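Throughout, read-outs are computed from the coordinates displayed, never taken from laboratory work. Since this is a predicted model, take the numbers as computed values, not measurements. Positions of Cβ are backbone-derived with ideal geometry, glycine not excepted, and every protein chain shown enters the neighbour counts.
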Amino acid sequence: MLRIFTILLTIFILMNGGETLGQRFMLNKIYFEGMILTNQKEINTTGLETFPGLVNDSLYFIRSIDGGKDYELVKAASKTKDGWKGLEKLNEELNSPYFEGPFSVDKNSGVFYFTRSGYNKKKIYRQNGKQKDSVIVHLEIFEWNSAKKTKSKKVNLPVDNYSFCDPAVSPNGEYMVFSSDVAGGFGKRDLYMVRRDGENWVGMVNLGKEINSGENDGFPFFASNEILIYASNREGGIGGFDLYFATFENGIWSKPVLLPKPVNSPYDDLGFIVSSNGYEGYLASNRPGGKGEDDIYKWTSAQPLWQERVEEKRLVEKEVDIDVFVFEKLTLLPFPGAEVKITPLNITVQDIHLDDPSVNIMNVDTSGSMYLKWNNIPDEKTTITILTDDKGRKNIKLYSGQYYKIEVNCDICEPEIIFYKPAIHGSQLNLALQPVTSEEEESEDKKDIVEMDKSVTSGAVFVMENIYYLYDSDKIINKGENDLDILAVKMEENQDIVVLLEAHTDSRGSDLYNLDLSMRRANTAKNYLIRKGIEEERIRTKGLGESRLRNHCKNGVICTEEDHRFNRRTEVIVLPEE
């Protein structure tokens, strides 16, 4: 029988040289030093040309009309070996009698998102109620579908009566970052993010005090789904508005890094964008030597300015202690007498190609480890075999920096193989095994659960701890659907009950991100029940994030994966009849 083993692959990231950004990216500062900036003289004027953007390899930008204070979105007409020249006017859906500003395009749908001054009279306010006082006009974000040629319309955001501008859509189309003066921020203008939910943008979250400052933060650009470049006039910069680089990983924003010269100068520098090849792009600046207020510059580099590091970390190998613990996946009880075979492998991370047909991604867990199905096991060396003691444990010595294949066998469990590399200081190797269960036993287990939940009364609380989600996602892993199926059956049998689904996360990630994630997970469970035939009005949802942890694993506390999993659950509360 062909056996396809499950392999656990942990990718270790190298951060040598340059400046590290988050956990995965490195800024190549040496390549900034050799960067060439070229003023786009054929399209720049004595007025203002700023906020460039590339759409299908064409250059769009914002310019002042006749050098005044009104602005429009235009397209460069043609490209030459020296740059761009000529202008092409855009349709009235993108330009109006009002102010048009920074924009972004969703590459997946062709939808333009752009800044426009609010022209609805309800959006115009006079200070102190006096007719002669200055008028405050709110900026708003509009959208226009270039593929369907629809009318441009205002984007509905979760908050109203404030200014929203400078939209930036992530390459995958799932997130939009923008700038706003919403009350309660950290400065005059802060960056916020919303998440796409069908046709709507929901879950507005401030990007936090690391990204935002006490001044103005805006003009964002997604260089990738994980990389954001934006401008800020905070203290500590080179001068004026400076450009900063930040990464978004595992729901957390990294501390921003000030981009070096010549990208930044003692003057205003903003609107930084990168072309698809990574070696060139554009920015806007009012630095000396230009033609007008803000000019557009093209930048070129001999090498990418940053990179994702996926090569393995070359550590000096040394012997380290590894505490092997083998236990049952469901009960967490130890497996005594389990046979563990340990084999050093002739393999590095560079040898692993995820597009290889013999390697299939199965899942990504909360530690960042990747689960794969692998048909062909790599070359092996000498195998060591150990047996766990009566507590399911065994201490062994392995070499840090070496990859191992770990194979576990016992009489009453499914065989398991993982791909493992010890940390430089040693660690505990936890091996969770799935017991072999007959169909009859599995049927009895399900029957017991149904019998346990048979009495459904107002105020009852059931904890569904077997609902698991992919890491940093609201996608339910198949096994979690069993509990929801049982709940659907009980709700079918009791047509009068209404339930509240309360989703909880563990403490990893920011508080705001976990709050949004828990709400998404609660809604995923709700949608599953609706697909099972339960009426939507009988299901309420609430996301509580990490606000109700059930153990000691709060922020900053090192815990095992099992401890964190104990906090991740969905509680079902039967609500009283209305």
Exercise. Based on the Cβ-Cβ distance from residue 36 to residue 535, what FRET efficiency comes out when R0 is 41 Å, to the nearest 0.05?
Worked result: 0.05
Seminar exercise, completed: Counted neighbours (other Cβ, 10 Å), sorted fewest up, put 90, 228, 333 in the order 333, 90, 228
Problem set entry | Order of 75, 255 under a 10 Å beta carbon neighbour criterion, fewest first | 255, 75
For this session: Please find the FRET efficiency linking residue 547 to residue 279, where r is the Cβ-Cβ separation and R0 is fixed at 51 Å, and quote it to the nearest 0.05.
Result: 0.65
Exercise. Label points 7 Å out from Cα along the Cβ direction at residue 153 and residue 250: separation in nm?
Worked result: 4.0
Seminar exercise, completed: Residues meeting the amide H criterion for residue 107 (H placed from the backbone, H to H distance under 5 Å, 5 or more places apart or on another chain) are none
Exercise. Which cross-chain or sequence-distant (5 or more) residues have an amide H under 5 Å from the amide H of residue 498, H modelled 1.01 Å from N in plane?
Worked result: 575
